[in-house]
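In what follows, a structure is listed as structure tokens, so that the remarks can point back to it.
The values are calculated or read from the model by the stated rules, or taken from the named source; none is laboratory data. None of these values were measured; they are calculated from a predicted model. In this analysis, Cβ positions are derived from the backbone assuming ideal geometry, glycine residues included, and neighbour counts consider all displayed protein chains. The accessibility values were calculated without ligands, DNA or RNA, using every heavy atom of the protein model including side chains. Shrake-Rupley method; radii C 1.70, N 1.55, O 1.52, S 1.80 Å.
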Amino acid sequence: MRKNLIYMLLLLPILLVSCLDDKNETEVKEYNEALVTAMTFSKNDSFPGLAEAKFTIITSTDTGRIYNPDSLRFGTRIDSVIPSLSFNHTPAYTVFYTGADSTADTIIYTGADTINFSVQPVQLFVMASDKETGKYYEIYVNVHTVDPDLYQWECLNEEVFRADGAETKAMMLGDKLLFFAGNGFQTQLYTSANGASWSAGQVVNSLPANCAVRKILQVENTLYYPSGDKLYTSTDGLNWQSTDVSGFSLLNMLFLFNDSIWGIAQRPDQQLQLCNMARGGRMALTGEVLPSNFPVSDYAALPFTSASNRKRAMIVGGFDLQGNSLNTRWNMEYLKGKGYSLANFSIEQPSFASLTGASIVLYNDEFHMFGSVSEDNALSADNQLISIDEGLHWTLPDTTKNQLPESYRSRQKASVFVDNDAHYIYIIGGQSRTESFTDVYRGRLNKLTFVK
């Protein structure tokens, strides 16, 4: 009833001003159509983000529809907005109806009106210049209801199996999660499709009985395990084949870097040297002799592409051959025409404490470090650190946005990796001074899982 009353009032005769010049009268052309062709929001510094809205307009239906397919940022206020409308023909008038149907407010649009879009849909009526035909629109202004910068963490399984002091290593191979446990006498493999339910353990007979499972490296759909003069490979984690390594002993694996698989070798003269191979090839020594303080175990290693689009890799902390805990941060870089170079960044940043057993992943263009122990074997009080400058400096995350669950226990030697779609971080297993963990945690940053 209220709409009809306004409608009737607005249909009162409108005074047309005629300008006469030598008795020639300027005619005002009337149209029987006035369609909305564009809508934008005026910038408002008090309500940031409004001007980012891009609207789609549907006029083919009896009641048109105006909406923004890409939602505005979380927290954007839309309760006091000045919209700007464009039409195919100048209308006689335009009316907004806002609020609930029973308490609708009527606003005659002038171009400077403040509209409340928080109660949706907002109705819009456009009267053509012939004052006989009009069209209704429903307006929906979409705003993200979930904070895109919030991390959501959950525990998928509190205990996959009883570890009883076993060393563990987990990874994602294809669409399946693998979880290895080695106690120095045999290795068992547990598998899962979702991280919550796991298969019973299967004995992996094709690996050495004393397999140190934390040395297993995953490169795409193949696993690699170093063992002295042999390199073991597998595509399912259960069945492994070995190839001989000639001229050196293979101590540990590093990463896939610049299309080669890298490891740490010890030569017959006891010197350390890097080794690498193309996929499908054989391991060979490369580069200079490594210094005595180069890590050989319990380090965190991560290849990445720098902000300057250079291929780099980082090796943090760990133990050297003599069992010393290190504070080193080795940076490997490949420069076209110059080859590979190694630099110890800890020389420039000596305040970086010694640590072992840390895990580092690249997620949301940031480095995330989880867990470690200090030189005196004390667990780090910081379960998570973040670096935005490629590992030079580390800070605590904003705990209002990124907080591990209360059930999460401090640890080192956790298996941390990002899933194939780069949506989730998995933290699986690890150990404290007295306990081995076989729990499964998963976290995500909301904005990385938004579907556009």
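Listing for the model above:
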read-out	value
P(r) of the range 158-247 over all Cα-Cα pairs, binned every 10 Å from zero, in whole percent	17, 52, 26, 4, 0
With at most 12 neighbouring Cβ atoms within 10 Å, loop chymotrypsin sites (Phe, Trp or Tyr not before Pro) (DSSP) excluded, longest segment of the chain	186-449
Cβ-based charge dipole, the range 33-182, positive-most Cα from VAL119, ALA170, ASN44	ASN44
Per-pair calculated FRET efficiency, R0 = 56 Å: ASP149 and THR233 via Cβ, rounded to 0.05	0.90
Estimated FRET transfer efficiency (VAL219, SER341; beta-carbon r; R0 22 Å; 0.05)	0.45
Three-way shape label, the range 80-220, alpha-carbon gyration tensor, a/c 1.5	prolate
Distant alpha-carbon pairs in the range 358-398 (separation over 15 angstrom), percent	38
Helical mean residue ellipticity (222 nm; -39500 (n - 2.57) per DSSP H run of 4+; nearest 500) of the chain	-500 deg cm²/dmol
Label point distance in nm, GLU33-ALA422, each placed 7 Å from Cα along Cα→Cβ	4.6
Computed over the range 153-197, the ratio Rg/Rh where both radii use C-alpha atoms and Rh is Kirkwood	0.98
Cα pair distances of the range 210-353 binned at 5 Å [whole percent]	2, 9, 18, 23, 21, 15, 8, 3, 1
(1) 50; (2) 43; (3) 20, with the label sought being that of the calculated percent of Cα pairs over 39 Å apart	(2)
Filter on LYS169/LYS401; LYS54/LYS176; LYS230/LYS413; LYS230/LYS447; LYS169/LYS311; LYS311/LYS447 - keep pairs with C-alpha separation over 32 Å	LYS54/LYS176; LYS230/LYS447
Inter-centroid distance (Cα atoms) of the range 252-313 relative to the range 154-229, Å	23
The range 78-97 residues near the modelled ASN116 label - backbone nitrogen below 11 Å, point 7 Å along Cα→Cβ	79-80
Portion, in percent, of the accessible area of the range 58-162 that falls on carbon or sulfur, probe 1.4 Å	44
Gyration tensor (alpha-carbon) shape descriptor, the range 272-321, a/c threshold 1.5	oblate
Accessible area of the chain divided out per residue, in Å², using a probe of 1.4 angstrom	52
Efficiency of FRET from Cβ geometry, ALA378 and THR399, R₀ 22 Å, rounded to 0.05	0.50
Separation of the THR305 and GLN271 label points, Cα + 7 Å toward Cβ, nm	3.5
Overall form of the range 122-188 per C-alpha gyration tensor (a/c, 1.5; a/b vs b/c)	prolate
Charge sum, other residues only, whose C-beta stays under 14 Å from MET172's C-beta, Lys/Arg counted +1 and Asp/Glu -1	-2
The chain - charge dipole about Cα centre, Lys and Arg +1 at Cβ, Asp and Glu -1, debye rounded to 20	1000
Rounded D (µm²/s) - the range 271-365, Kirkwood Rh over Cα pairs, Stokes-Einstein at 25 °C, 0.890 mPa s	170
Per-selection Rg to Rh, the range 45-135 - Cα, Kirkwood hydrodynamic radius	0.96
Rh by Kirkwood over Cα pairs, then Stokes-Einstein D for the range 77-127 at 0.890 mPa s and 25 °C, µm²/s	214
